[in-house]
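K.L.:
Sharing a structure with you now.
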Amino acid sequence: MQKIIAVIGSTGMLGIDVNAALRGSNVLIHNFNSVNLDITELNNVVDALTRVKPDYIVNCAAYTNVDLAEIEKEKADKVNHIGALNLVIASKEINARLIHMSTDYVFDGLKHEPYNENDDAIPLNEYGLSKLKGENAIKDSKASYIILRTQWLYGKNGKNFVNTILKLTDTKKLIEVVDDQFGSPTYTKDVAFAIRDLIANDKGNDGVYHLTDAGYASWYEFAAEIIKVFKRTNCAVVPVSSDKFVRPAKRPADSRLDCSKIKLDYKIELRNWKDALKKYCYDIGYFII
Ligand SMILES: NC(=O)c1ccc[n+]([C@@H]2O[C@H](COP(=O)([O-])OP(=O)(O)OC[C@H]3O[C@@H](n4cnc5c(N)ncnc54)[C@H](OP(=O)(O)O)[C@@H]3O)[C@@H](O)[C@H]2O)c1
């Protein structure tokens, strides 16, 4: 039977890829972004979703400017906390299942091993706090939900680390990148297809799942791999400590996520981040010989 899916945040980096991944399957998609549905307005959320009566609501909408969130904390809270609460209220009312995106930034990065879903979340910054409050609102609602925590996303349609490094290599002979923060670079397309598979093989389990490309890196290793894959070897990359780049929002030093639960429950396991990066390179029109 055809499923009806509401994609919230459909104009975002992940939302666009979710839309593309779902298009091949037997689904009817309704797209929402901040122009046609502000998720911070409960009445609008309930009205819009009641009109389309989705089986699934996939929430890719968020306030994602991590540094600016330190100043605009109310705005970040409104979208990431109240927005998530509004969506879960609506999803309960219309009996839809909510798939909600969250982040490794709910963790403080001090575990020194990959985090699993039962680890305590202690965010270091306002963005992480607003995302955690959103998660908690969903958990407390007793609605039907899956929270997917991912990290270090890059994709065709958004500001991201890969594109920043590529831009820098256009003009610089040397770039410095921090080598004391660790995570899993993750291609938005991989997350998008995992969401499609999750919906297709849904077992109805409620809970939090970690979902990233496999393997880990520091930002420095990630940058070095980008330079290698995109053949920008005219530019050298040098490892530096994060003390050298003080930013408004604190970042977790090691927020690697253990993704074994989603593999066990849903048989979803994403490819290695280096393979994903090569695929991204190909997808955006750089051909690897
Ligand atoms: N990027 C990462 O590295 C990363 C890492 C971990 C987790 N995540 C999570 O993954 C998800 C997707 O991230 P992304 O990088 O794809 O985000 P993004 O590119 O910044 O897109 C955000 C989307 O949210 C929409 N939006 C913002 N405020 C809204 C509002 N009040 N009402 C309705 N829609 C609103 C935007 O719509 P407009 O375009 O109309 O403004 C846009 O479609 C988010 O939950 C994020 O927290 C991201």
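The values are calculated or read from the model by the stated rules, or taken from the named source; none is laboratory data. Keep in mind that this is a model prediction, so the values were computed, not measured. FYI the Cβ positions are ideal-geometry reconstructions off the backbone, even for glycines, and counts take in every protein chain you see. Side chains are part of the model used for accessible areas, which takes the heavy atoms of the whole protein and leaves out ligands, DNA and RNA. Shrake-Rupley method; radii C 1.70, N 1.55, O 1.52, S 1.80 Å.
K.L.:
Check segment 203-215 and report whether any residue there is more than 16 Å from the ligand (Cβ to nearest atom), among the charged types (D, E, K, R) and either assigned to a loop (DSSP other than H, G, I, E, B) or free of Cβ contacts under 8 Å to residues at least 12 places away in the same chain (or both).
P.N.:
Checking segment 203-215: at least one residue is more than 16 Å from the ligand (Cβ to nearest atom), among the charged types (D, E, K, R) and either assigned to a loop (DSSP other than H, G, I, E, B) or free of Cβ contacts under 8 Å to residues at least 12 places away in the same chain (or both).
K.L.:
Evaluate the following for R51: is it basic (K, R), modelled with pLDDT under 95 and within 25 Å of R196 (Cβ to Cβ)?
P.N.:
On the way: basic (K, R): yes; modelled with pLDDT under 95: no; within 25 Å of R196 (Cβ to Cβ): yes.
It is false that R51 is basic (K, R), modelled with pLDDT under 95 and within 25 Å of R196 (Cβ to Cβ).
K.L.:
Looking for something open to solvent by less than 70 Å² (accessible area, probe 1.4 Å), within 16 Å of the ligand (Cβ to nearest atom) and not aromatic (F, W, Y) - is there at least one such residue anywhere in segment 240-248? Steps first, please.
P.N.:
So the first thing to find is which residues in segment 240-248 are open to solvent by less than 70 Å² (accessible area, probe 1.4 Å), and the list is 240-242.
Among the residues that remain, those that are also within 16 Å of the ligand (Cβ to nearest atom) are: none.
Checked segment 240-248: no residue is open to solvent by less than 70 Å² (accessible area, probe 1.4 Å), within 16 Å of the ligand (Cβ to nearest atom) and not aromatic (F, W, Y).
K.L.:
Touching an Asp or Glu at 6+ places or on another chain (Cβ under 7 Å), under 23 Å from A217 (Cα atoms) and of a type outside the set (S, T, Y): which single residue out of N125, N160 fits that description? Spell out how you get there, then give the answer.
P.N.:
Values: N160 fails: touching an Asp or Glu at 6+ places or on another chain (Cβ under 7 Å).
Within the list N125, N160, the selection yields N125.
K.L.:
What pairs can you find where one residue is in segment 144-163 and open to solvent by 40 Å² or more (accessible area, probe 1.4 Å), the other is small (G, A, S) and within 7 Å of the ligand (Cβ to nearest atom), and their Cβ atoms are less than 8 Å apart, with a gap of 6+ or different chains?
P.N.:
N157/G12
K.L.:
Take G12 and decide whether it is within 9 Å of the ligand (Cβ to nearest atom), open to solvent by 10 Å² or more (accessible area, probe 1.4 Å) and not aliphatic (A, V, I, L, M). First the steps, then the outcome.
P.N.:
Details: within 9 Å of the ligand (Cβ to nearest atom): yes; open to solvent by 10 Å² or more (accessible area, probe 1.4 Å): yes; not aliphatic (A, V, I, L, M): yes.
Judged against the criteria, G12 is a match.
K.L.:
Between a first residue in segment 168-191 that is among the basic types (K, R) and a second residue that is outside any helix (DSSP H, G or I), which pairs have beta carbons less than 8 Å apart while being 6 or more apart in sequence or on different chains?
P.N.:
Listed pairs, sorted by first residue: K172/C235; K173/N234; K173/C235; K173/A236; K189/G155.
K.L.:
Name the single residue, out of those in segment 59-73 being over 12 Å from K133 (Cβ atoms) and not in a loop (DSSP other than H, G, I, E, B), that is farthest from the ligand (Cβ to nearest atom).
P.N.:
Only one residue tops the list, namely E70.
K.L.:
For segment 212-235, indicate whether the set of residues that are over 18 Å from T164 (Cβ atoms) and among the acidic types (D, E) is non-empty.
P.N.:
Within segment 212-235 (the criterion being over 18 Å from T164 (Cβ atoms) and among the acidic types (D, E)), the answer is yes, since at least one residue qualifies.
K.L.:
If only one of L110, L132, L124, L166 is modelled with pLDDT of 95 or more and either open to solvent by less than 40 Å² (accessible area, probe 1.4 Å) or not aliphatic (A, V, I, L, M) (or both), which one is it? Let's see the steps before the verdict.
P.N.:
Values: L110 fails: either open to solvent by less than 40 Å² (accessible area, probe 1.4 Å) or not aliphatic (A, V, I, L, M) (or both); L124 fails: either open to solvent by less than 40 Å² (accessible area, probe 1.4 Å) or not aliphatic (A, V, I, L, M) (or both); L166 fails: modelled with pLDDT of 95 or more.
None of the other options fit; the residue is L132.
K.L.:
OK, next. Of all the residues that make up segment 74-102, how many are open to solvent by 10 Å² or more (accessible area, probe 1.4 Å), without any contact (Cβ under 8 Å) to a residue 60 or more places away in the chain, closer than 23 Å to L211 by Cα and within 12 Å of the ligand (Cβ to nearest atom)?
P.N.:
2
K.L.:
Let me ask something else. Cβ-Cβ distance below 8 Å, separation of 6 or more or different chains: which pairs start in segment 32-45 with a residue that is farther than 19 Å from D77 by Cβ and more than 6 Å from the ligand (Cβ to nearest atom) and end on one that is of a type in the set (K, R) and not in a loop (DSSP other than H, G, I, E, B)?
P.N.:
Nothing qualifies.
K.L.:
Scan segment 232-274 residue by residue and report those that are free of Cβ contacts under 8 Å to residues at least 12 places away in the same chain and over 23 Å from H112 (Cβ atoms). Steps first, please.
P.N.:
Going residue by residue through segment 232-274, those that are free of Cβ contacts under 8 Å to residues at least 12 places away in the same chain are 233, 243, 246, 263-264.
Listed by number, the residues that qualify are T233, L264.
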